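The values are calculated or read from the model by the stated rules, or taken from the named source; none is laboratory data. Note that the coordinates shown come from a computational prediction; the quantities given were computed from them, not determined experimentally. Neighbour counts are summed over all protein chains in view; Cβ atoms, including those assigned to glycine, are modelled from backbone coordinates with ideal geometry. The protein model used for the area step is the full one, side chains on, heavy atoms only, and it has no ligands, DNA or RNA in it. Shrake-Rupley method; radii C 1.70, N 1.55, O 1.52, S 1.80 Å.
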Amino acid sequence: MSFPQNTDAAGQSTDAPVRPDATAGGGLAARVDSALARGVTRVTGSSLGTYQTAVMRIGLSFTWLFFLLREWPNRHELYGPDGPWSWDMARRLTDDNRAFTALMWSDSGVWFEAVYVLAIVSSALLMLGWRTRTMSVLAMIGVLSLQNRSIFVGDGGDNVLHLMALYMVFTRCGRVWSLDARRAARRETGAGAGEGDRDVTGIVLWTLCGLALVVAQTVGDTRLEWTADGPVPGIGWATVLWGLWAAQGLWWFVRRHAPGEPRTVLDAFANLAHNGALLVIMVEVCLIYATAGWYKIQGSRWQDGTALFYPMHIDYFSPWPALSHALASSGTVVLLLSYGTVAVQVAFPFTLLNRRVKNVLLAVMMAEHLGIAVTLGLPFFSLAMIVADAVFLPTSFLRRLAVLAGRARDRLPLAPRGAVPAPRESEEGAAGSRTLVG
């Protein structure tokens, strides 16, 4: 959205400049209006942070997929019928807190295996960026179904995955570094002409998702309600899931049969939802660190600098006992690590005001999480937090990283030659624009 200006034949503006001293109030109001107009255009005309959301999509999906595969032998004890938290106990808890989990639709072992496999497949496809709009919803269902089935399993990383899985549904995280982006680039170069018009895969996938929702609401007691408390008070999960399904169908119909103003309006709403979700993710990360840091300050062990001494002597949190004991044997090291952890967490939200300081502190925090993964044996928590931190990485750094990764791939003996390049910034709007479910 921009305001037109009067121009002469040479294209120069003929509007006389307003002197601040002559009409100070009017000049200030004009500048405020101009700034607001630029802001509205910015958040509705483009999807911000496409590289950052792509990193989050890949990283969170990889973390969840890696966890599910590692716990495959233990899945029945963690989330299934053999766990100490029985199906009846989980049913009573979900009846009370209204948490969503598809595992409460049936206590059948076959149904449990189906949900677990769905979580694996959807997270793998989301990581690859295949039909990201649909896979983000299916991956969210997998995360919520398993985690809400046994809420006492996991660590802080599970909470991060839980929240980010909800937010990622509203982002356009497949614009770059995805199979969807590659398919869009092929259409732009003419290599895949006609694919977007047919889109048989998208139509079939959208139809199957609709049939699955019909079955979920008509067979058994699935607890998919329209107005009960769901993601937000007064809106049930049936309303949310059917709304997402209908919105995807509307998106495809408008893209194909009503180009022009309706398409522009839908793009604006999609960009607004993406940018809003991105802002929520950034605020969420800041809240995680701020609350963790300020709560640590109130603890006496963090105040005297000995807090990290104790977990390093717990066998459960010592995958490398020799390393943990070597670090804990030095009081100076323990003191510096304890105070440094609190200082970094408390200071991080404030460093967003300075880009250089933010980047330095971001590197320190990622190194800290790598240390937690090694010394305390919490790899999934550390991976989830590192991926959440990636939302603040500079775009220029991510682009350089992509170039280096591409060069390394090309050096592989079996690397494909002449691959279609990823879409540029100006081409990102074409990604998934002609598909029904993508």
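Observations, loosely collected:
- Under a Gaussian network description of the chain, with springs only between Cα atoms under 10 Å, the residue in Leu353, Leu205, Leu327 that fluctuates furthest is Leu353.
- Residues whose amide H comes within less than 5 Å of that of Ile235, counting only those at least five positions distant or on another chain, are Gly230 (H built at 1.01 Å from N in the peptide plane).
- Accessible area, probe 1.4 Å, largest first, for residues His76, His257: His257, His76
- Atom-type composition of the exposed protein surface of region 120-215 places 68 percent of the accessible area on carbon and sulfur (1.4 angstrom probe).
- Of Val346, Val43, the order by accessible heavy-atom surface (1.4 Å probe, DNA, RNA and ligands excluded), from most exposed downward, is Val43, Val346.
- Rounded if a/c under 1.5, otherwise prolate or oblate - region 200-283, Cα gyration tensor axes: oblate
- Gaussian network model of the chain, Cα within-10 Å springs - most flexible of Arg149, Arg131, Arg98: Arg98
- When the P(r) is computed for region 95-149, the part past 13 Å accounts for 57% of the Cα-Cα pairs.
- Mean residue ellipticity at 222 nm, helices only, the chain: -21500 deg cm²/dmol; runs of at least 4 DSSP H residues each add -39,500 (n - 2.57), and the sum is divided by the number of residues.
- Selected from Phe62, Phe100, Phe350 as most flexible by GNM, with the chain as the system and alpha-carbon contacts under 10 Å: Phe350
- For region 343-392 and region 92-162, distance of Cα centres in Å: 26 Å
- Global form of region 339-406, assessed from the alpha-carbon gyration tensor, a/c cut-off 1.5: oblate
- Kirkwood analysis of region 239-350, using all unique Cα-Cα pairs, places the hydrodynamic radius at 18.3 Å.
- Scaling against 2.2 N^0.38 Å puts the C-alpha radius of gyration of region 74-226 at 1.19.
- Mean Cβ neighbour count within 10 Å, used as a protection proxy, ranking 117-127, 51-61, 260-270 highest first: 51-61, 117-127, 260-270
- Heavy atoms of Thr306 accessible to a 1.4 Å probe, total area in Å² rounded to 10: 50 Å²
- Relative contact order [Cα under 8 Å, 6+ residues apart], region 194-338, whole percent: 11 percent
- With contacts taken as Cα pairs under 8 Å and at least 6 residues apart, the chain reaches a relative contact order of 23 percent.
- Its alpha carbons give region 50-133 an Rg and a Dmax of 14.8, 43 Å.
- For the chain, the C-alpha radius of gyration divided by 2.2 N^0.38 Å, with N the number of residues, is 1.13.
- Solvent-accessible area of Val143 with every protein chain in place, 1.4 Å probe, in Å² to the nearest 10: 10 Å²
- Residue-level accessible surface for Trp177, protein heavy atoms, 1.4 Å, Å²: 80 Å²
- Heavy-atom surface analysis with a 1.4 Å probe gives region 261-403 a carbon and sulfur content of 73 percent of its accessible area.
- Using the 1.4 Å probe convention, the accessible area of region 190-347 works out to 56 Å² per residue with neighbouring protein chains retained.
- Per residue solvent-accessible surface (Å²) - region 15-150, probe of 1.4 Å: 47 Å²
- Long-range HN-HN contacts of Arg131 with modeled amide H, under 5 Å: Asp180
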